[in-house]
1. Residue 88: under 22 Å from the mean Cα position of the chain (by Cα), more than 30 Å from residue 144 (Cβ to Cβ) and modelled with pLDDT of 95 or more, yes or no?
2. Filter segment 338-353 down to residues that are assigned to a loop (DSSP other than H, G, I, E, B) and in contact with a helix residue (DSSP H, G or I) (Cβ under 8 Å, 6 or more places away or on another chain) and give me whichever is farthest from residue 397 (Cα to Cα).
3. So is residue 20 at negative phi and under 21 Å from the mean Cα position of the chain (by Cα) or not?
4. Go through (1) surrounded by fewer than 16 Cβ atoms within 10 Å (Cβ to Cβ); (2) at positive phi and name the single condition residue 118 misses.
5. Which members of segment 426-435 meet the condition of being in contact with a strand residue (DSSP E or B) (Cβ under 8 Å, 6 or more places away or on another chain), in a helix (DSSP H, G or I) and within 21 Å of residue 381 (Cβ to Cβ)?
6. Please work out if residue 120 is in contact (Cβ under 8 Å) with a residue 24 or more places away in the chain, closer than 20 Å to residue 404 by Cα and in a helix (DSSP H, G or I).
Amino acid sequence: MPIDQALLEEETIDLVRDLIRIESVNTGDPTTIGDGEACAARYVAERLAEDGIESEYVEPSPGRGNVVARIAGGDPSADALVVHAHLDVVPANAADWSVPPFAAEVLDDGRHGEVLYGRGAVDMKGFAGTVVAVARALRRARVVPRRDLVLAFFADEEAGGEWGAKWLVENRPDLFSGATEAVGEVGGFSVPVPGTAQRAYLLATAEKGVGWGILRARGVAGHASRPTRDNAVARIARAVAAVHDHEFPVRSTEATAAFLAAFGELTGRDLTGDGSDLERELAGLGFVGDIVRAGLRNTATPTVLSAGDKANVIPGEAVAEIDTRILPGSEGAVEREVERLVGDGVSVEWRSMPPIAAPADGALVRALRAAVAAEDPDGVVVPYLLPASTDNKNLSRLGIAGYGFTPLRVPDDFDVFGMFHAVDERVPLSALRFGARVTARILATA
C-alpha cells in the first residue's frame, strides 16, 4: 500500500517537536550533563516499537543513551546503509532567545510561513524525528527497503562522540555489520543558484580533518625588574603571530572540484581559477560561497593563550592552543608546516581526527539525486566539502563512507547553515514536510 504522505508529514513535525522538548543538552562537562540524551533515546525506541521496529538501547555511561535499529532490506546481497542522527544539542541561553529554546513553538515569522523554533530544530533533532517518522511510515505501508537500513541515534556528537558513535564503533561494531555507506549531517539544504530559478542541495562528500595543537615555550623565570632575552611569553607570542599570519595555498579536492564544476555550469561563472580569483567568484555566490571558500585551504587558527599569573613575574612557561582544519590528502603536512612556523624553542603536542572523503558519484549519490528531483524538478544535488566534523568520521573507522545529506527545501533567503548552534535556531515547517517526503524515497530506494 502507498505511504500516507499527509500522516508522514504531520507525524514528522510532532516527533521533532517532542524531541526538542527533551532537554538533551551536552555541555561537554560530565558533571553538568543529566539524563536528557537517555530520555531522548528511549523516546525514539518507544516510537519505533509502536510500529513493530525493534531496536537496541545502549548506555555506555549514565545518561548517555544511544539507540540502533536494523530494518531488513529486500536484496540480501546489498550492503547496509547507516542513517544516523545525534540526539544531543548544544546549550541555549534562554535570555538570548525570543522564544523559550525548548518549547518547540511554531510561529509565523511573516516571511517563511510557519516556522518551528527550538534548540535542535536543525542540529539535528529535525532529521532524527524525520527518520523515525519515515521508518514508521514504511513499516505501516509494508514497504521493504532495497538494502538493510541501520538507523542509529547517537549521544555526545557535540563533544566528539566519546559516549556515542565513537564508543559504539569501538565497542559494538556488530551493530553496523555489513554497512558500507552512511547518511547523516551536514548537507541536503537547498541554496539558491544565482541568476537561475534552480536550487542546489549540497551533499557533503568529504570533511576536513581537525587537529588541535598545544604550543609550549619555556624560558628563564624571574622578577620582571630584571628582564631576560629568554622570555617564554615573547617566544610564544612570536609563534602565535607566525601561525596567524600564514596562509596555506589553495588545494584541489574531489568534493570541491565537483562543486566548482557543477556551479560553474549552472551559473555560467568561471570557477576554474585558484587563489584570490576563485575566492572573488565564490563571494558572488552568497553564503554558499562562504562555506565552499572554507574548504579551499588548510587552516591553522590560534584560539587559546596563557602565560603567567602576576604582572611582575616572568613565567617560565607560556602555552598556546591552535585549531587546524585539514583537507583530504594533507594529513601530516599541516602539522609539519605549523612546527616549521613556530620555530625552535617551541614544542607542539598534537591531537587530531583525520579528514574523510567518499566518492562524489555512485549509486547512492544517484539515488539522492533521484529522490530530490522527484520532489523538486528544479533541484540539483551538488557535492561539497564540509569544513567541520560529524559522526561520519567515527563511522569511517569501520570502512563506512559517510555523506552529509538531511534534505530541507527552504526559501532562498533562509540560511540553514547559519542556524547551527545559533540563537533562535529554527526551521520552516514546509522544509520538514519536504524532508520527510525525500527521506522516505531515499530510505526505500537507496
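The values are calculated or read from the model by the stated rules, or taken from the named source; none is laboratory data. The structure displayed is predicted, hence computed values, not measured ones. In this analysis, Cβ positions are derived from the backbone assuming ideal geometry, glycine residues included, and neighbour counts consider all displayed protein chains.
1. Details: under 22 Å from the mean Cα position of the chain (by Cα): yes; more than 30 Å from residue 144 (Cβ to Cβ): yes; modelled with pLDDT of 95 or more: yes.
Yes, satisfied.
2. In the first step, residues of segment 338-353 are kept if they are assigned to a loop (DSSP other than H, G, I, E, B); the result is 343-345.
Remaining after also requiring in contact with a helix residue (DSSP H, G or I) (Cβ under 8 Å, 6 or more places away or on another chain): 343, 345.
On the way: 343: 34, 345: 36 Å.
My answer is 345.
3. Numbers: at negative phi: yes; under 21 Å from the mean Cα position of the chain (by Cα): yes.
So residue 20 passes the test.
4. Failing condition for residue 118: (1).
5. We begin by selecting, within segment 426-435, every residue in contact with a strand residue (DSSP E or B) (Cβ under 8 Å, 6 or more places away or on another chain); these are 426-432, 434-435.
Imposing the further condition that a residue be in a helix (DSSP H, G or I) reduces the set to 429-432, 434-435.
Listed by number, the residues that qualify are 430, 431, 432, 434, 435.
6. Working: in contact (Cβ under 8 Å) with a residue 24 or more places away in the chain: yes; closer than 20 Å to residue 404 by Cα: yes; in a helix (DSSP H, G or I): no.
Here the answer is no, as residue 120 does not meet what is asked.
Rundown of residues vs (1) hydrophobic (A, V, I, L, M, F, W, C); (2) in contact (Cβ under 8 Å) with a residue 60 or more places away in the chain; (3) in the same structural domain as residue 62 (by TED's automatic domain parsing), yes/no style:
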{"position": "102", "(1), (2), (3)": "yes, yes, yes"}
{"position": "113", "(1), (2), (3)": "no, yes, yes"}
{"position": "130", "(1), (2), (3)": "no, yes, yes"}
{"position": "135", "(1), (2), (3)": "yes, yes, yes"}
{"position": "147", "(1), (2), (3)": "no, yes, yes"}
{"position": "154", "(1), (2), (3)": "yes, yes, yes"}
{"position": "164", "(1), (2), (3)": "no, yes, yes"}
{"position": "182", "(1), (2), (3)": "yes, yes, yes"}
{"position": "201", "(1), (2), (3)": "no, yes, no"}
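Quick grid of which residues meet (1) assigned to a loop (DSSP other than H, G, I, E, B); (2) touching a residue at least 60 places away in the same chain (Cβ under 8 Å); (3) not assigned by TED's automatic domain parsing to the domain that holds residue 85:
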site	(1), (2), (3)
336	no, no, yes
360	yes, yes, yes
365	no, yes, yes
410	yes, yes, no
414	yes, yes, no
424	yes, yes, no
